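As structure tokens, the structure follows; a few thoughts come after it.
No value in this document is a laboratory result; all are computed from the given coordinates. It should be emphasised that the depicted structure is a prediction, and the values quoted were computed from it without experimental measurement. Glycine also receives a Cβ, built like all others from the backbone with ideal geometry; neighbour counts cover every protein chain displayed.
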Amino acid sequence: MSLLKVSGLGKSFGGVKAVDGIHFELAAGELLALIGPNGAGKSTTFNMVNGQLPADAGSIQLNGQELVGRKPRDIWRMGVGRTFQIAETFASLTVVENVQMALISNDNRLFAMWRKAADHKRDEALALLDQVGMKSQADRPCSVLAYGDVKRVELAIAMANAPKLLLMDEPTAGMAPKERNELMALTKQLVIDRNMAVLFTEHSMDVVFAYADRMIVLARGRLIAEGKPLELRDHPKVQEVYFGTGKTFEKKTAAAAAEAA
Ligand SMILES: Nc1ncnc2c1ncn2[C@@H]1O[C@H](COP(=O)(O)OP(=O)(O)OP(=O)(O)O)[C@@H](O)[C@H]1O
């Protein structure tokens, strides 16, 4: 059975059908890219999956349990996580303190306890940092980290809730190609090690082709294609929606095709 099953999902804003009856599934251990040009409905879909936006129509099931109609906090407790950027106020905390905060909040402990409990969950936080390669920088303030390292800490924070499904909205935005590849390779490793599913939006086709197990393509709220990235590369509808946006897929050269075979 799929971990996530989305059927007939729809949302309109005034007369605009932002998401128009889409269906897709996602299995544990899978990285699924959600792509599409600006205004295609990607953010609206994300916001319905984690409960920030109520759906007008359709169903979103996690392990057979309906998410539509539930509050974001309940959906988070059921195992749907989301990466959030470390807020400015948290930049003053150290790397390990940021992860401890996430663990404490997951335990529903009062924030007020924090000051008295600086060691609380430290070992657990260090174990999470180890998984993202940031244990050695645990006691540095987040404010001094390189951008790629901040992204790793954000991943560790998202892991504190042990999500079954992690939503990542443009995880590699603003990153240089090397950092981008490192972050996605790490994400893929976490997906495998934890048998977790990831749904991510991405503007870089290089990232999608290199790391996504499957991709779904939205255009004007409709799902126009679904499949393995390299199989969809030359799909006429996918070519069409990207045409003129500067993000057209390049046709594979004979040499590249031979290399991939
Ligand atoms: N709160 C809102 N109120 C009114 N219209 C909205 C709202 N949110 C989204 N829309 C409209 O719904 C459509 C889909 O928007 P959405 O943000 O989901 O697209 P997207 O694929 O995430 O785009 P981008 O890549 O630019 O972030 C667009 O036409 C957008 O203008």
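Residue by residue, the range 138-154 carries 3J(HN,Hα) couplings of 3, 9, 8, x, 4, 4, 9, 6, 5, 4, x, 6, 4, 5, 5, 5, 4 Hz when phi is fed to the Karplus relation 6.51 cos²θ - 1.76 cosθ + 1.60 (θ = phi - 60°); x denotes Gly or Pro. Karplus-derived 3J(HN,Hα) values for the range 61-68, using 6.51 cos²θ - 1.76 cosθ + 1.60 with θ = phi - 60°, are 10, 10, 6, x, 9, 6, 9, 4 Hz; glycine and proline are entered as x.
Close amide-amide hydrogen proximity is noted between LEU93 and CYS142, each under 5 Å apart and 5 or more residues distant or on a separate chain (H modeled in the peptide plane; Pro and chain starts excluded). The amide H of ALA225, built 1.01 Å from its N in the peptide plane, has VAL217 as neighbours under 5 Å, considering only residues 5 or more places off or on other chains. Along the chain, the longest continuous region that contains none of the chymotrypsin sites (Phe, Trp or Tyr not before Pro) in a DSSP loop with at most 12 other C-beta atoms within 10 Å is 85-242.
Over all directions, how big on average is the projection of the convex hull of the alpha-carbon atoms in the chain, in square nanometres? Don't skip to the answer; put the middle values down first.
Numbers: hull surface 61.5 nm².
Hull-based average projected area comes out at 15.4 nm².
Any chance you could give the angle, 0 to 90 degrees and rounded to 10, that helix 122-131 forms with the longest Cα principal axis of the chain? Between helix and principal axis, roughly 30 degrees. Backbone phi angles across the range 226-233, fed through the Karplus curve with coefficients 6.51, -1.76 and 1.60 (θ = phi - 60°), yield HN-Hα couplings of 8, x, 6, x, 5, 6, 8, 3 Hz in residue order; Gly and Pro are listed as x. A helix-only calculation puts the chain at -10000 deg cm²/dmol for mean residue ellipticity at 222 nm, using -39500 (n - 2.57) for each DSSP H run of at least four residues, averaged over all residues.
Out of all DSSP beta bridges with both ends in the chain, state the antiparallel percent to the nearest 5. Don't skip to the answer; put the middle values down first.
On the way: 21 of 37 bridges.
Percentage antiparallel, nearest 5: 55.
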